[in-house]
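Take a look at the structure set out below.
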Amino acid sequence: MYKDLLTLAQKVGAEAGALLMDRPQAFEIESKSTAIDIATQMDKKAETFIVESLLAARPNDGMIGEEGASIESTSGITWVIDPLDGTVNYFYGLPGWNVSIAAKDKDGAIAGVVTAPTINSTWWATRGGGAFYNGHSIKCNDPIELDRALIATGFQYDVAYRLTQLEDFAKLVPIVRDIRRNGAAAVDLCHVAMGALDGYYEAGLKEWDWSAGGLVAREAGAIFKQYGDSPMAISMAAGPHLHAELEALLGFTA
């Protein structure tokens, strides 16, 4: 069953990515949680396409989508969809935005696909089946010491929360190799999985941000955990050794 779910997610993710590559000349912008948290007509168009495609193949499955899709499952499987992760990158014409699709059961994600067409990258994983990048098996970097670690992060759209995030940022800057802010959570998690990053943490992610990428990271040997409560719950992924060092430095407790 995992294989069928994975194959469907790969197909629909690739098709949604192709749809999004036809970038419009003008954008219709809608603010969400804050004025700088935006959705475009393409976010909504991609989510509609993904939901309709998944339901056409599996009409009894549930749906959870960033742009409002909400359908109860009668099959035991629910799809968790971010139709355009990295909307700001997409809006500005920057690379790395992606389509993130995961299928979950009562115990969590069982299949996940992250498709990033601007960087010719697709990652996928199934529970217990390992993680893959463009068809090749991947593993996270481990062990990595803090002073050799390349870390990625991101910042809340609600600027009121950014001061707290800057405190964590300030603890890391004098110690680690360097820090990146790439702009798309699912790709950052997948970059940890393949060793293009050593670690990643971010506050305020939603389930659709981390469902597919978190599964890819775990199946690649990384630890993926969450700390604290919404809206500032922190998600963090890294190899086991670095993960423990980051927990200690940043004071994260589950």
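The values are calculated or read from the model by the stated rules, or taken from the named source; none is laboratory data. From a predicted model like this one, the values you see are computed outputs, not experimental measurements. With ideal geometry, Cβ positions are generated from the backbone for all residues, glycine too; neighbour counts draw on all protein chains shown.
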Of all residues in the stretch 53-97, which are among the small types (Gly, Ala, Ser) and part of a helix (DSSP H, G or I)?
-> 53, 56, 57
Within the stretch 4-21, residues surrounded by fewer than 15 Cβ atoms within 10 Å (Cβ to Cβ) and either modelled with pLDDT under 95 or small (Gly, Ala, Ser) (or both) come out as 18
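Which residue is surrounded by the most Cβ atoms within 10 Å (Cβ to Cβ), if the candidates are limited to the stretch 217-250 and must be of a type outside the set (A, V, I, L, M) and under 14 Å from the mean Cα position of the chain (by Cα)?
Step one: filter the stretch 217-250 for residues of a type outside the set (A, V, I, L, M), giving 218-219, 221, 224-231, 235, 239-241, 243, 245, 247.
From the residues that got through so far, the ones that are under 14 Å from the mean Cα position of the chain (by Cα) too are 218, 224-226, 235.
Numbers: 218: 22, 224: 22, 225: 17, 226: 15, 235: 25.
The selected residue is 235.
When the stretch 219-244 is examined, which residues are found to be charged (D, E, K, R) and not in a strand (DSSP E or B)? Step through it out loud before you land on a result.
Of the residues in the stretch 219-244, the ones charged (D, E, K, R) are 219, 225, 229.
219, 229, listed by residue number.
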Among the residues of the stretch 104-127, write down those that are outside any strand (DSSP E or B), over 18 Å from residue 22 (Cα atoms) and touching a residue at least 60 places away in the same chain (Cβ under 8 Å).
-> 127
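Check the stretch 193-206 and report whether any residue there is part of a helix (DSSP H, G or I), within 18 Å of residue 132 (Cα to Cα), touching a strand residue (DSSP E or B) at 6+ places or on another chain (Cβ under 8 Å) and not aromatic (Phe, Trp, Tyr).
The initial filter retains those residues of the stretch 193-206 that are part of a helix (DSSP H, G or I), namely 193-194.
Filter once more, so that each one left must be within 18 Å of residue 132 (Cα to Cα): 193-194.
Still in the list and also touching a strand residue (DSSP E or B) at 6+ places or on another chain (Cβ under 8 Å): 193-194.
So of that shortlist, the ones also not aromatic (Phe, Trp, Tyr) come out as 193-194.
Yes, the stretch 193-206 contains at least one residue that is part of a helix (DSSP H, G or I), within 18 Å of residue 132 (Cα to Cα), touching a strand residue (DSSP E or B) at 6+ places or on another chain (Cβ under 8 Å) and not aromatic (Phe, Trp, Tyr).
Considering only the stretch 164-182, how many residues are free of Cβ contacts under 8 Å to residues at least 60 places away in the same chain and in contact with a Phe, Trp or Tyr (Cβ under 8 Å, 6 or more places away or on another chain)? Give the steps one after another, and end with the answer.
Initial filter on the stretch 164-182 (free of Cβ contacts under 8 Å to residues at least 60 places away in the same chain): 165-167, 169-170, 173-174, 176-181.
Narrowing the set further to residues that are in contact with a Phe, Trp or Tyr (Cβ under 8 Å, 6 or more places away or on another chain) leaves 165, 179, 181.
Of the residues in the stretch 164-182, 3 are free of Cβ contacts under 8 Å to residues at least 60 places away in the same chain and in contact with a Phe, Trp or Tyr (Cβ under 8 Å, 6 or more places away or on another chain).
This table checks each residue for (1) of a type in the set (Lys, Arg); (2) surrounded by fewer than 14 Cβ atoms within 10 Å (Cβ to Cβ); (3) touching a Ser or Thr at 6+ places or on another chain (Cβ under 7 Å).
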position	(1), (2), (3)
106	yes, yes, no
114	no, no, yes
119	no, yes, no
127	yes, no, no
139	yes, no, no
144	no, no, no
153	no, no, no
159	no, yes, no
Go through (1) surrounded by fewer than 22 Cβ atoms within 10 Å (Cβ to Cβ); (2) assigned to a helix (DSSP H, G or I) one by one and return the number of the condition residue 214 breaks.
-> (1)
